[in-house]
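The values are calculated or read from the model by the stated rules, or taken from the named source; none is laboratory data. Please read all numbers here as calculations on a predicted model, not as lab measurements. Note that we place each Cβ from the backbone using ideal geometry, even for glycine, and neighbour counts take in every protein chain shown.
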Amino acid sequence: MSLNQQARAILTGNDRGGYTLPTDGLYPFQWNWDASVTALGWMCFAPARAWEEMRWLFKGQWQGGPNDGFLAHIAFHAPSDSYFPGADEWGTDGAPGTEALRTRTSSISQPPLHATMVRWMWHRAQAISPQAAAEAAEQVRGLLPGLLAHHRWWYRARDPDRSGLVLNIHPWETGMDNSPAWDVPLARVPQTTRPYTRHDLGHVDASMRPPQSFYDRVVYLMDFNRAQDFDPVKILASCPYRVQDVGIISILQRAGIDLLALCAACAWDGDVQDLHAALARTHNAVEALWSTRWNQYVSRDAITGELLDVPTSSGLLGAYAGFRHDLGPTVAAWLAETPYALPSTRSGFPGFEPLRYWRGPVWQHVNMLIADGLQRQGHAHLAQAIQACSAALFDASGFHEYYDPLTGRGLGGRAFSWAAATCLHWTDGAMKKQAGGA
Ligand code: GLC
(Lines give C-alpha, C1' and ligand atoms only; values in the text may rest on other atoms or scores of the structure.)
Protein backbone atom coordinates (compact mmCIF):
# COMPACT_ATOMS: atom_id res chain seq x y z
CA MET A 1 0.00 0.00 0.00
CA SER A 2 1.20 3.54 -0.68
CA LEU A 3 1.60 5.92 2.24
CA ASN A 4 -1.53 7.72 1.12
CA GLN A 5 -3.53 4.48 1.11
CA GLN A 6 -2.20 3.55 4.54
CA ALA A 7 -3.20 6.96 5.90
CA ARG A 8 -6.72 6.60 4.52
CA ALA A 9 -6.95 3.12 6.01
CA ILE A 10 -6.06 4.51 9.44
CA LEU A 11 -8.82 7.10 9.37
CA THR A 12 -11.27 4.50 8.11
CA GLY A 13 -10.19 2.05 10.82
CA ASN A 14 -10.58 4.69 13.57
CA ASP A 15 -13.95 5.86 12.21
CA ARG A 16 -16.82 5.26 14.61
CA GLY A 17 -19.52 6.59 12.31
CA GLY A 18 -19.53 10.38 12.54
CA TYR A 19 -16.47 10.81 14.70
CA THR A 20 -12.94 9.40 14.61
CA LEU A 21 -10.92 8.01 17.51
CA PRO A 22 -7.38 9.39 17.82
CA THR A 23 -6.39 5.72 18.16
CA ASP A 24 -8.26 2.66 19.35
CA GLY A 25 -7.79 1.66 23.01
CA LEU A 26 -5.62 4.50 24.33
CA TYR A 27 -8.07 7.25 23.24
CA PRO A 28 -11.54 5.75 22.73
CA PHE A 29 -13.57 8.98 22.29
CA GLN A 30 -13.58 12.13 20.12
CA TRP A 31 -10.91 14.64 21.13
CA ASN A 32 -11.28 18.32 20.35
CA TRP A 33 -8.16 19.47 18.48
CA ASP A 34 -7.61 15.98 17.09
CA ALA A 35 -11.04 16.22 15.44
CA SER A 36 -10.10 19.40 13.58
CA VAL A 37 -6.88 17.93 12.21
CA THR A 38 -8.61 14.66 11.41
CA ALA A 39 -11.38 16.42 9.51
CA LEU A 40 -8.70 17.99 7.32
CA GLY A 41 -7.45 14.50 6.53
CA TRP A 42 -10.92 13.21 5.68
CA MET A 43 -11.31 16.20 3.37
CA CYS A 44 -8.63 14.71 1.13
CA PHE A 45 -10.78 11.73 0.13
CA ALA A 46 -14.23 11.92 1.75
CA PRO A 47 -15.44 15.54 1.97
CA ALA A 48 -18.88 14.72 3.36
CA ARG A 49 -17.26 12.68 6.14
CA ALA A 50 -14.93 15.59 6.93
CA TRP A 51 -17.81 17.95 7.62
CA GLU A 52 -19.50 15.27 9.68
CA GLU A 53 -16.45 15.12 11.96
CA MET A 54 -16.81 18.83 12.73
CA ARG A 55 -20.56 18.61 13.23
CA TRP A 56 -20.16 15.75 15.68
CA LEU A 57 -17.63 17.70 17.72
CA PHE A 58 -20.04 20.60 18.02
CA LYS A 59 -22.78 18.24 19.25
CA GLY A 60 -21.01 18.52 22.60
CA GLN A 61 -20.99 22.33 22.65
CA TRP A 62 -22.55 23.75 25.83
CA GLN A 63 -25.43 26.13 25.29
CA GLY A 64 -26.51 28.86 27.68
CA GLY A 65 -25.27 29.54 31.20
CA PRO A 66 -21.85 30.86 32.16
CA ASN A 67 -20.12 28.44 29.79
CA ASP A 68 -22.20 29.17 26.71
CA GLY A 69 -20.10 28.18 23.67
CA PHE A 70 -17.75 25.92 25.65
CA LEU A 71 -16.37 23.01 23.64
CA ALA A 72 -14.85 20.26 25.74
CA HIS A 73 -11.58 18.49 25.15
CA ILE A 74 -13.39 15.14 25.01
CA ALA A 75 -16.83 14.31 23.62
CA PHE A 76 -17.91 10.94 25.01
CA HIS A 77 -20.24 9.94 22.18
CA ALA A 78 -20.24 6.26 23.20
CA PRO A 79 -19.15 4.50 26.39
CA SER A 80 -15.74 2.84 26.76
CA ASP A 81 -13.86 1.66 29.82
CA SER A 82 -10.37 1.72 28.28
CA TYR A 83 -9.63 5.34 29.28
CA PHE A 84 -9.24 7.25 32.55
CA PRO A 85 -10.80 9.72 33.30
CA GLY A 86 -13.98 8.67 31.53
CA ALA A 87 -17.35 10.44 31.40
CA ASP A 88 -18.39 9.71 35.00
CA GLU A 89 -15.23 11.25 36.42
CA TRP A 90 -15.82 14.78 35.12
CA GLY A 91 -19.22 15.22 36.77
CA THR A 92 -20.63 17.44 34.03
CA ASP A 93 -24.03 15.74 33.72
CA GLY A 94 -26.69 18.36 34.35
CA ALA A 95 -24.22 21.28 34.51
CA PRO A 96 -25.71 24.58 33.27
CA GLY A 97 -25.45 24.54 29.48
CA THR A 98 -25.50 20.76 29.10
CA GLU A 99 -29.24 20.21 29.55
CA ALA A 100 -30.00 19.90 25.83
CA LEU A 101 -26.94 17.80 24.93
CA ARG A 102 -27.06 14.15 24.01
CA THR A 103 -23.28 13.83 24.24
CA ARG A 104 -21.48 13.74 27.59
CA THR A 105 -18.30 15.82 27.81
CA SER A 106 -15.30 16.65 29.96
CA SER A 107 -15.13 20.04 31.70
CA ILE A 108 -11.99 21.57 30.14
CA SER A 109 -11.30 22.68 26.59
CA GLN A 110 -8.39 22.34 24.13
CA PRO A 111 -6.60 24.56 21.58
CA PRO A 112 -9.32 26.01 19.32
CA LEU A 113 -7.97 24.99 15.94
CA HIS A 114 -11.40 24.61 14.38
CA ALA A 115 -11.87 27.81 12.39
CA THR A 116 -8.44 27.48 10.80
CA MET A 117 -8.99 23.88 9.83
CA VAL A 118 -12.47 24.70 8.51
CA ARG A 119 -10.97 27.43 6.37
CA TRP A 120 -8.33 25.05 5.00
CA MET A 121 -11.04 22.46 4.36
CA TRP A 122 -13.05 25.00 2.43
CA HIS A 123 -10.01 25.90 0.31
CA ARG A 124 -9.42 22.26 -0.46
CA ALA A 125 -13.08 21.74 -1.37
CA GLN A 126 -12.84 24.64 -3.81
CA ALA A 127 -9.97 22.84 -5.51
CA ILE A 128 -11.92 19.55 -5.73
CA SER A 129 -15.06 20.53 -7.67
CA PRO A 130 -17.79 23.16 -7.83
CA GLN A 131 -20.11 20.70 -6.12
CA ALA A 132 -17.68 20.14 -3.22
CA ALA A 133 -17.22 23.90 -2.95
CA ALA A 134 -20.97 24.51 -2.78
CA GLU A 135 -21.36 21.83 -0.11
CA ALA A 136 -18.47 23.36 1.82
CA ALA A 137 -20.00 26.83 1.73
CA GLU A 138 -23.21 25.45 3.19
CA GLN A 139 -21.35 23.51 5.86
CA VAL A 140 -19.28 26.53 6.85
CA ARG A 141 -22.42 28.62 7.24
CA GLY A 142 -23.86 25.93 9.48
CA LEU A 143 -20.73 25.85 11.65
CA LEU A 144 -20.30 29.62 12.00
CA PRO A 145 -22.64 30.20 14.99
CA GLY A 146 -20.91 27.46 16.99
CA LEU A 147 -17.45 28.73 16.06
CA LEU A 148 -18.33 32.30 17.02
CA ALA A 149 -19.83 31.18 20.31
CA HIS A 150 -16.73 29.15 21.07
CA HIS A 151 -14.30 32.02 20.47
CA ARG A 152 -16.46 34.23 22.61
CA TRP A 153 -16.40 31.61 25.38
CA TRP A 154 -12.60 31.72 25.39
CA TYR A 155 -12.50 35.50 25.77
CA ARG A 156 -15.32 35.65 28.32
CA ALA A 157 -14.43 32.67 30.50
CA ARG A 158 -10.65 32.69 30.21
CA ASP A 159 -9.85 36.40 29.90
CA PRO A 160 -12.56 38.33 31.74
CA ASP A 161 -10.17 41.23 32.42
CA ARG A 162 -9.47 41.62 28.70
CA SER A 163 -5.73 41.34 29.09
CA GLY A 164 -5.50 39.90 25.56
CA LEU A 165 -3.90 36.71 26.91
CA VAL A 166 -6.41 33.96 27.60
CA LEU A 167 -5.41 31.60 30.35
CA ASN A 168 -6.05 27.93 31.00
CA ILE A 169 -6.84 26.02 34.16
CA HIS A 170 -5.51 22.55 33.42
CA PRO A 171 -2.42 21.27 31.59
CA TRP A 172 -4.67 19.02 29.46
CA GLU A 173 -6.39 22.16 28.22
CA THR A 174 -3.20 23.08 26.34
CA GLY A 175 -3.15 19.77 24.47
CA MET A 176 0.54 19.61 25.41
CA ASP A 177 -0.15 17.84 28.65
CA ASN A 178 3.19 17.09 30.20
CA SER A 179 5.28 19.95 28.79
CA PRO A 180 8.20 21.03 31.03
CA ALA A 181 6.76 24.56 30.76
CA TRP A 182 4.03 23.48 33.22
CA ASP A 183 6.41 22.02 35.85
CA VAL A 184 6.66 25.14 38.01
CA PRO A 185 2.96 26.10 38.11
CA LEU A 186 1.91 22.46 38.46
CA ALA A 187 4.22 21.93 41.45
CA ARG A 188 1.91 24.23 43.46
CA VAL A 189 -1.11 22.03 42.79
CA PRO A 190 -1.89 19.54 45.57
CA GLN A 191 -1.70 15.85 44.69
CA THR A 192 -5.02 14.09 45.04
CA THR A 193 -5.26 11.43 47.70
CA ARG A 194 -8.39 9.80 46.33
CA PRO A 195 -8.02 6.42 44.64
CA TYR A 196 -8.17 6.10 40.82
CA THR A 197 -6.77 3.77 38.20
CA ARG A 198 -4.84 4.94 35.16
CA HIS A 199 -5.41 2.99 31.96
CA ASP A 200 -2.78 4.60 29.73
CA LEU A 201 0.03 2.39 31.04
CA GLY A 202 -1.82 -0.65 29.79
CA HIS A 203 -1.49 0.71 26.25
CA VAL A 204 1.91 2.47 26.14
CA ASP A 205 5.24 1.98 27.91
CA ALA A 206 5.67 4.10 31.08
CA SER A 207 8.87 5.68 29.67
CA MET A 208 6.70 7.49 27.08
CA ARG A 209 3.96 8.63 29.49
CA PRO A 210 3.67 11.18 32.31
CA PRO A 211 4.66 10.11 35.85
CA GLN A 212 2.20 9.37 38.68
CA SER A 213 2.81 12.70 40.45
CA PHE A 214 1.58 14.45 37.29
CA TYR A 215 -1.61 12.37 37.23
CA ASP A 216 -2.26 13.03 40.93
CA ARG A 217 -2.24 16.75 40.20
CA VAL A 218 -4.31 16.71 37.02
CA VAL A 219 -6.93 14.61 38.79
CA TYR A 220 -6.93 17.16 41.63
CA LEU A 221 -7.58 19.94 39.08
CA MET A 222 -10.35 17.96 37.39
CA ASP A 223 -12.09 17.51 40.76
CA PHE A 224 -11.49 21.16 41.68
CA ASN A 225 -13.33 22.28 38.55
CA ARG A 226 -16.31 20.14 39.49
CA ALA A 227 -16.28 21.46 43.06
CA GLN A 228 -16.64 24.99 41.67
CA ASP A 229 -19.71 23.90 39.65
CA PHE A 230 -17.68 24.67 36.49
CA ASP A 231 -18.34 28.35 37.14
CA PRO A 232 -15.60 30.33 35.34
CA VAL A 233 -15.75 33.19 37.84
CA LYS A 234 -15.25 30.92 40.86
CA ILE A 235 -12.57 28.93 39.04
CA LEU A 236 -10.52 31.94 38.01
CA ALA A 237 -10.75 33.34 41.53
CA SER A 238 -9.16 30.34 43.21
CA CYS A 239 -7.83 27.70 40.85
CA PRO A 240 -4.27 26.84 41.99
CA TYR A 241 -3.21 26.45 38.36
CA ARG A 242 -3.64 29.41 35.98
CA VAL A 243 -1.32 29.68 33.00
CA GLN A 244 -1.21 31.85 29.90
CA ASP A 245 -0.15 29.24 27.36
CA VAL A 246 1.36 30.75 24.25
CA GLY A 247 0.19 27.71 22.28
CA ILE A 248 -3.50 28.30 23.00
CA ILE A 249 -3.03 32.05 22.61
CA SER A 250 -1.43 31.62 19.16
CA ILE A 251 -3.93 29.05 17.94
CA LEU A 252 -6.88 31.14 19.14
CA GLN A 253 -5.42 34.21 17.45
CA ARG A 254 -4.95 32.53 14.10
CA ALA A 255 -8.34 30.85 14.35
CA GLY A 256 -9.87 34.26 15.09
CA ILE A 257 -8.31 35.71 11.95
CA ASP A 258 -9.60 32.74 9.95
CA LEU A 259 -13.03 32.96 11.57
CA LEU A 260 -13.41 36.60 10.57
CA ALA A 261 -12.34 35.67 7.03
CA LEU A 262 -14.99 32.92 6.98
CA CYS A 263 -17.61 35.41 8.22
CA ALA A 264 -16.67 37.82 5.44
CA ALA A 265 -16.71 35.09 2.79
CA CYS A 266 -20.17 33.98 3.96
CA ALA A 267 -21.46 37.57 4.13
CA TRP A 268 -22.28 36.90 7.81
CA ASP A 269 -24.39 39.79 9.02
CA GLY A 270 -23.82 39.47 12.77
CA ASP A 271 -21.71 42.01 14.67
CA VAL A 272 -18.12 40.76 15.04
CA GLN A 273 -16.51 43.95 16.33
CA ASP A 274 -15.80 42.28 19.65
CA LEU A 275 -13.67 39.67 17.91
CA HIS A 276 -11.72 42.29 15.97
CA ALA A 277 -11.05 44.07 19.26
CA ALA A 278 -9.92 40.83 20.94
CA LEU A 279 -7.45 40.13 18.11
CA ALA A 280 -5.98 43.61 18.40
CA ARG A 281 -5.58 43.24 22.18
CA THR A 282 -3.77 39.93 21.84
CA HIS A 283 -1.54 41.17 19.04
CA ASN A 284 -0.16 43.81 21.38
CA ALA A 285 -0.24 41.93 24.68
CA VAL A 286 1.61 38.87 23.40
CA GLU A 287 4.84 40.83 23.09
CA ALA A 288 5.16 40.56 26.88
CA LEU A 289 5.71 36.82 26.31
CA TRP A 290 8.86 37.24 24.20
CA SER A 291 11.86 35.47 25.72
CA THR A 292 15.16 37.19 25.09
CA ARG A 293 16.90 34.09 26.39
CA TRP A 294 15.40 31.76 23.77
CA ASN A 295 14.41 34.25 21.04
CA GLN A 296 10.87 32.95 20.87
CA TYR A 297 7.54 33.38 22.62
CA VAL A 298 7.02 31.51 25.90
CA SER A 299 4.13 31.03 28.33
CA ARG A 300 3.47 32.85 31.60
CA ASP A 301 2.34 31.86 35.07
CA ALA A 302 -0.82 33.94 35.53
CA ILE A 303 -0.68 33.61 39.33
CA THR A 304 2.86 34.92 39.87
CA GLY A 305 3.18 36.89 36.61
CA GLU A 306 6.53 35.15 35.93
CA LEU A 307 7.47 34.01 32.44
CA LEU A 308 7.71 30.23 32.12
CA ASP A 309 10.94 30.62 30.23
CA VAL A 310 11.01 27.20 28.58
CA PRO A 311 11.66 26.76 24.84
CA THR A 312 8.76 24.63 23.61
CA SER A 313 7.43 24.32 20.08
CA SER A 314 4.27 26.22 21.02
CA GLY A 315 6.41 29.36 21.19
CA LEU A 316 7.28 28.92 17.51
CA LEU A 317 3.62 29.36 16.55
CA GLY A 318 3.97 33.14 16.68
CA ALA A 319 4.47 33.36 12.91
CA TYR A 320 1.37 31.22 12.34
CA ALA A 321 -0.57 33.61 14.57
CA GLY A 322 0.71 36.69 12.73
CA PHE A 323 2.60 38.08 15.74
CA ARG A 324 5.37 40.62 15.24
CA HIS A 325 8.61 38.76 15.90
CA ASP A 326 10.46 36.95 13.13
CA LEU A 327 10.76 33.28 14.15
CA GLY A 328 12.95 32.29 11.18
CA PRO A 329 16.39 32.39 12.85
CA THR A 330 15.18 30.50 15.92
CA VAL A 331 13.49 27.77 13.90
CA ALA A 332 16.62 27.43 11.75
CA ALA A 333 18.65 26.88 14.93
CA TRP A 334 16.20 24.25 16.22
CA LEU A 335 16.28 22.42 12.90
CA ALA A 336 20.07 22.26 12.97
CA GLU A 337 19.99 20.61 16.41
CA THR A 338 17.74 17.57 15.83
CA PRO A 339 17.61 15.45 12.66
CA TYR A 340 13.86 14.80 12.60
CA ALA A 341 11.75 17.94 12.39
CA LEU A 342 10.88 20.19 15.33
CA PRO A 343 10.76 18.54 18.76
CA SER A 344 8.16 19.66 21.31
CA THR A 345 10.95 20.95 23.61
CA ARG A 346 14.25 22.35 22.34
CA SER A 347 16.96 19.69 22.59
CA GLY A 348 19.49 21.88 24.46
CA PHE A 349 17.06 22.55 27.31
CA PRO A 350 17.84 20.53 30.47
CA GLY A 351 14.23 19.26 30.67
CA PHE A 352 14.39 17.77 27.14
CA GLU A 353 13.42 14.06 27.07
CA PRO A 354 13.19 12.64 23.54
CA LEU A 355 10.75 9.84 24.42
CA ARG A 356 8.46 11.36 27.00
CA TYR A 357 5.14 12.98 26.39
CA TRP A 358 5.49 16.61 25.22
CA ARG A 359 8.98 16.89 26.72
CA GLY A 360 10.82 16.28 23.45
CA PRO A 361 9.06 14.10 20.87
CA VAL A 362 7.87 15.47 17.52
CA TRP A 363 4.15 16.00 16.97
CA GLN A 364 3.54 16.20 13.24
CA HIS A 365 0.48 18.44 13.24
CA VAL A 366 2.33 21.05 15.35
CA ASN A 367 5.10 21.00 12.75
CA MET A 368 2.48 21.59 10.07
CA LEU A 369 1.16 24.69 11.83
CA ILE A 370 4.64 26.10 12.49
CA ALA A 371 5.63 25.54 8.85
CA ASP A 372 2.52 27.33 7.67
CA GLY A 373 3.55 30.33 9.75
CA LEU A 374 7.09 30.35 8.43
CA GLN A 375 5.81 30.23 4.88
CA ARG A 376 3.75 33.31 5.65
CA GLN A 377 6.69 35.08 7.26
CA GLY A 378 8.71 34.66 4.07
CA HIS A 379 10.75 31.63 5.13
CA ALA A 380 9.62 29.20 2.46
CA HIS A 381 12.89 27.26 2.65
CA LEU A 382 12.36 26.55 6.37
CA ALA A 383 8.75 25.54 5.79
CA GLN A 384 9.94 23.14 3.10
CA ALA A 385 12.69 21.78 5.33
CA ILE A 386 10.16 20.98 8.08
CA GLN A 387 7.83 19.40 5.57
CA ALA A 388 10.63 17.28 4.12
CA CYS A 389 11.56 16.04 7.62
CA SER A 390 7.95 15.18 8.30
CA ALA A 391 7.59 13.32 5.03
CA ALA A 392 10.74 11.35 5.87
CA LEU A 393 9.32 10.45 9.29
CA PHE A 394 6.06 9.16 7.80
CA ASP A 395 8.02 7.22 5.21
CA ALA A 396 10.37 5.62 7.70
CA SER A 397 8.08 5.11 10.68
CA GLY A 398 4.44 5.30 9.61
CA PHE A 399 1.66 6.94 11.59
CA HIS A 400 2.33 7.26 15.30
CA GLU A 401 1.10 9.59 17.98
CA TYR A 402 4.58 11.17 18.15
CA TYR A 403 8.19 10.47 17.15
CA ASP A 404 11.68 10.48 18.64
CA PRO A 405 13.38 13.60 17.19
CA LEU A 406 16.81 11.98 17.47
CA THR A 407 16.15 8.60 15.81
CA GLY A 408 12.84 9.07 14.00
CA ARG A 409 11.30 6.10 15.82
CA GLY A 410 7.50 6.18 16.11
CA LEU A 411 6.27 6.44 19.73
CA GLY A 412 3.08 6.41 21.80
CA GLY A 413 -0.15 5.23 20.22
CA ARG A 414 -0.05 3.50 16.83
CA ALA A 415 -2.30 3.94 13.79
CA PHE A 416 -2.87 7.51 14.94
CA SER A 417 -5.48 9.68 13.24
CA TRP A 418 -3.82 13.09 13.38
CA ALA A 419 -0.57 11.71 12.00
CA ALA A 420 -2.47 10.10 9.10
CA ALA A 421 -4.48 13.28 8.52
CA THR A 422 -1.40 15.50 8.59
CA CYS A 423 0.27 13.27 6.05
CA LEU A 424 -2.77 13.30 3.78
CA HIS A 425 -3.25 17.03 3.85
CA TRP A 426 0.22 18.38 4.14
CA THR A 427 2.92 16.10 2.89
CA ASP A 428 0.83 14.54 0.17
CA GLY A 429 1.96 15.68 -3.32
CA ALA A 430 -1.19 17.53 -4.30
CA MET A 431 -0.90 20.08 -1.53
CA LYS A 432 2.85 20.45 -1.30
CA LYS A 433 2.84 23.84 -2.94
CA GLN A 434 0.54 25.25 -0.34
CA ALA A 435 2.61 24.12 2.66
CA GLY A 436 -0.40 23.90 4.89
CA GLY A 437 -3.34 25.54 3.24
CA ALA A 438 -5.09 28.84 2.98
C1 GLC B 1 -3.13 13.43 24.60
C2 GLC B 1 -2.50 14.66 23.99
C3 GLC B 1 -3.57 15.60 23.48
C4 GLC B 1 -4.46 14.85 22.51
C5 GLC B 1 -4.98 13.55 23.10
C6 GLC B 1 -5.67 12.67 22.05
O7 GLC B 1 -3.88 13.73 25.72
O8 GLC B 1 -1.64 15.30 24.88
O9 GLC B 1 -3.02 16.72 22.87
O10 GLC B 1 -5.51 15.66 22.12
O11 GLC B 1 -3.92 12.79 23.63
O12 GLC B 1 -4.83 12.44 20.97
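For the criterion of being touching a residue at least 24 places away in the same chain (Cβ under 8 Å), in a loop (DSSP other than H, G, I, E, B), surrounded by 22 or more Cβ atoms within 10 Å (Cβ to Cβ) and not polar (S, T, N, Q), residue 40 fails. If the condition is being surrounded by 11 or more Cβ atoms within 10 Å (Cβ to Cβ) and in a loop (DSSP other than H, G, I, E, B), then the range 190-206 contributes 190, 191, 192, 196, 198, 199, 203, 204.
Please determine whether any residue of the range 248-256 is more than 21 Å from residue 164 (Cβ to Cβ) and either within 22 Å of the chain's Cα centre (by Cα) or more than 16 Å from the ligand (Cβ to nearest atom) (or both). No: the range 248-256 contains no residue that is more than 21 Å from residue 164 (Cβ to Cβ) and either within 22 Å of the chain's Cα centre (by Cα) or more than 16 Å from the ligand (Cβ to nearest atom) (or both). Of the candidates 162, 194, 188, the single residue that is under 23 Å from the mean Cα position of the chain (by Cα) and of a type in the set (D, E, K, R) is 162.
Note on the range 1-37: among residues that are among the hydroxyl-bearing types (Ser, Thr, Tyr) and part of a helix (DSSP H, G or I), the one that is nearest to the ligand (Cβ to nearest atom) is 36. Within the range 289-306, the residues that satisfy the criterion of being without any contact (Cβ under 8 Å) to a residue 40 or more places away in the chain and either assigned to a helix (DSSP H, G or I) or crowded, with 18+ Cβ neighbours inside 10 Å (or both) are 290, 291, 296.
Just one of the listed residues (336, 321, 277, 332) is surrounded by 23 or more Cβ atoms within 10 Å (Cβ to Cβ) and not charged (D, E, K, R), namely 321. The set of residues in the range 172-197 that are farther than 24 Å from residue 409 by Cβ, more than 11 Å from the ligand (Cβ to nearest atom) and not hydrophobic (A, V, I, L, M, F, W, C) comprises 183, 185, 188, 190, 191, 192, 193, 194, 195, 196, 197. Of 280, 261, 265, all but one fail to be under 24 Å from residue 160 (Cβ atoms) and of a type outside the set (Asp, Glu); the exception is 280. Restricting the search to helices (runs of 4 or more DSSP H) fully inside the range 319-438 and requiring at least 2 residues that are polar (S, T, N, Q) gives 364-376, 380-397, 417-422. Looking across the range 87-120, not a single residue is assigned to a loop (DSSP other than H, G, I, E, B), within 16 Å of the ligand (Cβ to nearest atom) and either without any contact (Cβ under 8 Å) to a residue 12 or more places away in the chain or of a type in the set (Asp, Glu) (or both).
Against the list (1) within 17 Å of the chain's Cα centre (by Cα); (2) surrounded by fewer than 24 Cβ atoms within 10 Å (Cβ to Cβ); (3) away from the ligand (no atom under 16 Å from the Cβ), the condition residue 70 fails is (2). Checking 341, 383, 319, 371 one by one, the residue that is away from the ligand (no atom under 16 Å from the Cβ), under 21 Å from the mean Cα position of the chain (by Cα) and at pLDDT below 95 is 341 and no other. Search the range 169-212 for residues being at pLDDT 95 or above and among the aliphatic types (A, V, I, L, M), and hand back the single one that is nearest to residue 236 (Cα to Cα). Checked the range 169-212; the qualifying residue nearest to residue 236 (Cα to Cα) is 169.
When the range 1-26 is examined, which residues are found to be of a type outside the set (A, V, I, L, M, F, W, C) and closer than 14 Å to residue 399 by Cβ? Within the range 1-26, 2, 4, 5, 6, 8, 12, 13, 14, 20, 22, 23, 24 qualify.
Is at least one residue of the range 350-360 more than 19 Å from residue 178 (Cβ to Cβ) and either among the aromatic types (Phe, Trp, Tyr) or without any contact (Cβ under 8 Å) to a residue 40 or more places away in the chain (or both)? Checking the range 350-360: not a single residue is more than 19 Å from residue 178 (Cβ to Cβ) and either among the aromatic types (Phe, Trp, Tyr) or without any contact (Cβ under 8 Å) to a residue 40 or more places away in the chain (or both).
Can you confirm whether residue 410 is free of Cβ contacts under 8 Å to residues at least 24 places away in the same chain and either crowded, with 23+ Cβ neighbours inside 10 Å or within 22 Å of the chain's Cα centre (by Cα) (or both)? In short, yes. Considering the conditions (1) surrounded by fewer than 22 Cβ atoms within 10 Å (Cβ to Cβ); (2) more than 20 Å from the chain's Cα centre (by Cα); (3) within 16 Å of the ligand (Cβ to nearest atom); (4) not hydroxyl-bearing (Ser, Thr, Tyr), residue 209 is excluded by exactly one of them, (2). Within the range 386-433, if we keep just the residues that are closer than 21 Å to residue 40 by Cα and among the basic types (Lys, Arg), the residue that is farthest from the ligand (Cβ to nearest atom) turns out to be 433. Contact map, the range 7-31: residues that are at pLDDT below 95 paired with residues that are assigned to a helix (DSSP H, G or I) and within 13 Å of the ligand (Cβ to nearest atom), Cβ distance under 7 Å, separation 6+ or inter-chain. Pairs shown: 26/200.
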